[in-house]
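Student: Sharing a structure below in structure tokens format, with a few things to ask.
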Amino acid sequence: MTDDELQRKREIEDYAREAASKPIFGTHSRKEDDSEAEYRKAMKENAPYLTLGFQMAATIALGALIGWWLEGPDGNGMGIGIGAGIGSVLGLGYFLKTVLMMEKKNAAKPKQELPTKDKKI
């Protein structure tokens, strides 16, 4: 490789490193200190809520799968519908139980004031 080709290769690699370190959407970035800690805290507090939809869908699908399996090779009954219905009831029950438990847990915590433009926490 000639010197020009090596120089061009270095320029491309430098550009690729710089482009890879920039955010995909927008040009602003979070402050690494406070914002990162706040983000992690928010994700930790809300993690149980984020999985509820998947858990409910999985419960319904599992109920339908068990109904299909119990129905057997004929497949002319209502096993899938009954299984999905039972899965729906169980999934909704678990959903409500988890939400109420989390709300009760959050109600016991002391309330924090939200920051405003004039007042920072």
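The values are calculated or read from the model by the stated rules, or taken from the named source; none is laboratory data. Since the structure is predicted, the reported quantities are computational estimates derived from the model, not experimental observations. Virtual Cβ from ideal backbone geometry, glycine too; neighbours counted across all protein chains shown.
Student: Across the range 1-41, what is the number of residues that are exposed (fewer than 11 other Cβ atoms within 10 Å of the Cβ), of a type in the set (Gly, Ala, Ser) and at pLDDT below 85?
Tutor: Of the residues in that region, 5 qualify.
Student: Working only within the range 73-89, note down all residues that are in contact with a Leu (Cβ under 8 Å, 6 or more places away or on another chain) and under 13 Å from Ala58 (Cα atoms).
Tutor: Residues satisfying the conditions are Gly83, Gly87.
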